[in-house]
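Report on the structure given below.
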Amino acid sequence: MPYVPHSDADRAAMMKAVGIQKMDDLFQDVPAHLRYPKMDLPEPLSEMELMAELTAMSERNADLKHFMCFLGAGAYCHYIPSVVDQIVSRSEFYTAYTPYQAEISQGTLQGIFEYQSMICALTGMDVANASHYDGATAVAEAVVMAHNVSRKKRRKVVVSPFLHPEYRATTRTYTQGLELTIVGDESVRNDLPALLSMVDEDTMCLIVQTPNFLGELEDLRGVADRVHSKGALLVVVADPISLGLFQPPGEHGADIVVGEGQPLGNAINFGGPSLGFFATRENLVHKMAGRLVGQTVDAEGRRGFVLTLSAREQHIRREKATSNICSNEALNALTAAVYMAALGKCGLRRVAELCYHKSHYAAHRIGRIPGFQVMTQKSFFKEFVVKCPVPVSDLNDGLLEWGIIGGYDLGRDYPEFTNHMLVCATETCTREEIEYFAEALQEVAG
Amino acid sequence: MKVEQGLLYMESHEWARLEGDEAVVGISDFAQEELNDVVYVELPEVGDVLAHGEVFGTVESVKAASDVYLPLSGEIIAVNTDLEDSPQLVNESPYGNGWFVRIRVANPSEAKDLLSADGYAKFLAEEAEKGGH
């Protein structure tokens with residue numbers, strides 16, 4: 001078909017069909033003075049002048065090179081070894097795009113296969129896909145998958161109030177056409193036993209995050225059995241760094257393990273791009289969304305890599321696909337794979353141990369500041385909750401002047417936790433920085 | 001390509017073999033040949049009650065996924081669990097070990113809407129001719 005623009009006759013017919021006289025009528029909802037605003041632009045600059053101006057603008061950001069960071073809440077500051085960027089910047093790898101043509105994508109496919117294999121080892125699961133956009137979409141895809149595993153017969157999702165608030169919001173948006181009932185997160189009093197009592201024969205899955213949004217580790221012992229006894233699936237959302245130290249969800253009987261993969265060697269980058277990891281059991285693989293790379297042999301018996309079980313995906317199964325998204329975050333997944341390979345099992349465990357010890361030291365230190373109280377009672381990993389004597393937003397404004405990015409204001413998501421700050425300390429914090437942070441908190445609050 | 005005598009067929013290439021008030025259902029030799037290597041078959045649950053013409057499963061081959069339709073209304077009383085581990089049975093023996101489900105037929109009069117083996121063979125020949133133009 002030729003690329004013919006609309007003719008005047010076409011336009012007239014379309015305008016008649018929608019009941020307008022002229023094209024401008026389509027824009028009547030936009031106030032007239034905003035339709036063609038006068039652009040008061042400065043004189044053009046040379047490239048050199050422009051670079052200086054843009055650099056000055058970008059340096060007004062509170063970036064992690066110039067600021068200490070005690071903010072986590074889903075995006076985490078971890079040290080990224082130089083080897084990671086060195087490898088992923090190689091021109092052979094440097095594409096964000098998911099591979100379609102196996103014949104010419106062997107290196108990319110092998111990278112993804114190794115990423116998948118390491119995610120399986122980390123989560124204790126059988127099979128992992130090539131990644132989703134981020135942790136939030138991975139959770140939403142887990143719900144869609146649980147719905148399909150129940151053959152669309154079950155309607156209820158039980159979700160912890162301490163699953164990341166944005167993951168819960170994304171899941172609701174993502175699944176709104178499926179007419180599901182999402183319960184459990186209406187009250188912060190719904191702890192794991194309370195959530196388990198909500199799991200019934202109409203429930204497709206229970207979603208639990210550990211460490212949860214408040215940083216606490218959830219006790220998963222016996223949870224899978226209770227969930228399975230009702231015929232539902234257990235979805236565990238995990239911090240991948242924590243899995244270097246704690247028992248993987250697969251060993252607790254989880255059916256789907258998902259999470260935000262950014263902590264694995266990916267920079268925070270003002271919020272993205274990121275990746276969501278997704279792993280499940282082999283018997284459920286046909287219901288899994290996302291790209292999947294498998295290892296095979298060619299006609300001469302040589303090892304090769306191919307996209308596997310593609311018939312699940314949208315380009316083949318159309319509206320009945322396991323997901324409308326059949327892509328992945330290839331470069332971010334590769335970054336995660338290089339990071340895991342560079343650290344190895346012992347290195348990842350060491351990073352996790354440092355997070356654990358430094359955050360506990362920070363909690364101990366902040367708990368001694370008059371007016372501040374550490375509220376976290378259970379075991380925690382790298383984040384904890386501090387009740388503050390003044391509003392968190394006021395504290396954070398003051399901390400910026402000390403060169404510190406303060407913790408997350410929990411009152412934004414939980415009215416019960418007004419004046420509660422979620423503080424994160426990873427392996428990147430030094431003892432001196434923690435002391436300085438505590439001093440700053442005391443001064444700013446006083 | 002074989003059209004087995006004594007079975008009832010649909011134009012969407014499923015077959016049914018009546019056995020008393022029950023029927024065994026599968027896909028035709030033509031269908032398995034068109035699909036190429038079958039890698040996965042998704043089947044309904046025993047106890048599901050489905051209507052004539054309703055989707056009761058999906059066949060995945062390496063590069064395609066196709067729905068399969070139930071030739072006769074009824075309750076699913078057995079599914080071929082061998083297909084879970086050996087989906088290639090659909091290719092090897094479409095009228096035998098590659099069967100999909102067994103149903104209790106709810107409405108035997110629906111059989112008159114299905115094609116005989118000769119009718120189905122004629123339909124395939126006509127389709128092939130159309131495709132040739």
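Yes or no: segment A:431-446 includes at least one residue that is surrounded by 15 or more Cβ atoms within 10 Å (Cβ to Cβ), hydrophobic (A, V, I, L, M, F, W, C), not in a helix (DSSP H, G or I) and not assigned by TED's automatic domain parsing to the domain that holds A:E216. No, segment A:431-446 contains no residue that is surrounded by 15 or more Cβ atoms within 10 Å (Cβ to Cβ), hydrophobic (A, V, I, L, M, F, W, C), not in a helix (DSSP H, G or I) and not assigned by TED's automatic domain parsing to the domain that holds A:E216.
What pairs come out if I take residues in segment A:175-197 that are outside any helix (DSSP H, G or I) and pair them with residues that are among the aromatic types (F, W, Y) whose C-beta lies under 7 Å away, six or more apart or interchain? What qualifies is A:V188/A:Y414. Within segment B:58-89, restricting attention to residues that are within 14 Å of chain A (Cβ to nearest Cβ) and among the β-branched types (V, I, T), the residue that is farthest from B:W15 (Cα to Cα) is B:V62.
Conditions (1) under 24 Å from A:V293 (Cβ atoms); (2) out of contact with any helix residue (DSSP H, G or I) (no Cβ under 8 Å at 6 or more places or on another chain), marked per residue:
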site	(1), (2)
A:E59	no, yes
A:D63	no, yes
A:H66	no, yes
A:F70	no, no
A:G74	no, no
A:V83	yes, no
A:Q86	yes, yes
A:Y97	yes, no
A:Q101	yes, yes
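In this structure, A:S58 does satisfy being hydroxyl-bearing (S, T, Y) and under 20 Å from A:L400 (Cα atoms).
Please go through segment A:84-111 and pick out each residue that is under 20 Å from A:T296 (Cα atoms) and touching a Pro at 6+ places or on another chain (Cβ under 8 Å).
Restricting attention to segment A:84-111, the residues satisfying the condition of being under 20 Å from A:T296 (Cα atoms) are A:98-111.
Once the filter is applied, which keeps residues that are under 20 Å from A:T296 (Cα atoms) and touching a Pro at 6+ places or on another chain (Cβ under 8 Å), segment A:84-111 yields A:S105, A:T108, A:L109.
The condition of being modelled with pLDDT of 95 or more, small (G, A, S) and not in a helix (DSSP H, G or I) holds for only one of A:A75, A:A62, that being A:A75.
For segment A:358-375, the set of residues classified as in contact (Cβ under 8 Å) with a residue 40 or more places away in the chain and either in a helix (DSSP H, G or I) or touching a Phe, Trp or Tyr at 6+ places or on another chain (Cβ under 9 Å) (or both) consists of A:K358, A:S359, A:Y361, A:A362, A:A363, A:R365, A:I366, A:M375, listed by residue number.
A single member of B:E45, B:E33 is within 16 Å of B:E84 (Cβ to Cβ) and either surrounded by fewer than 17 Cβ atoms within 10 Å (Cβ to Cβ) or within 14 Å of chain A (Cβ to nearest Cβ) (or both), and it is B:E45.
Right, A:K378: touching an Asp or Glu at 6+ places or on another chain (Cβ under 6 Å) and either buried (at least 17 other Cβ atoms within 10 Å of the Cβ) or touching a residue at least 60 places away in the same chain (Cβ under 8 Å) (or both) or not? Break it down stepwise before answering.
Values: touching an Asp or Glu at 6+ places or on another chain (Cβ under 6 Å): yes; either buried (at least 17 other Cβ atoms within 10 Å of the Cβ) or touching a residue at least 60 places away in the same chain (Cβ under 8 Å) (or both): yes.
So A:K378 fits the description; yes.
Among A:A130, A:A136, which is assigned to a loop (DSSP other than H, G, I, E, B) and buried (at least 16 other Cβ atoms within 10 Å of the Cβ)?
Numbers: A:A136 fails: assigned to a loop (DSSP other than H, G, I, E, B).
Answer to the check: A:A130.
Every condition in (1) closer than 20 Å to B:S116 by Cα; (2) assigned to a loop (DSSP other than H, G, I, E, B); (3) in contact (Cβ under 8 Å) with a residue 24 or more places away in the chain is met by B:G96 except one, and the failing one is (3). In this structure, A:C388 qualifies as without any contact (Cβ under 8 Å) to a residue 60 or more places away in the chain, surrounded by 15 or more Cβ atoms within 10 Å (Cβ to Cβ) and not assigned by TED's automatic domain parsing to the domain that holds A:S131.
The values are calculated or read from the model by the stated rules, or taken from the named source; none is laboratory data. What you see is a predicted model; the values in this text were computed from it and never measured. Glycine also receives a Cβ, built like all others from the backbone with ideal geometry; neighbour counts cover every protein chain displayed.
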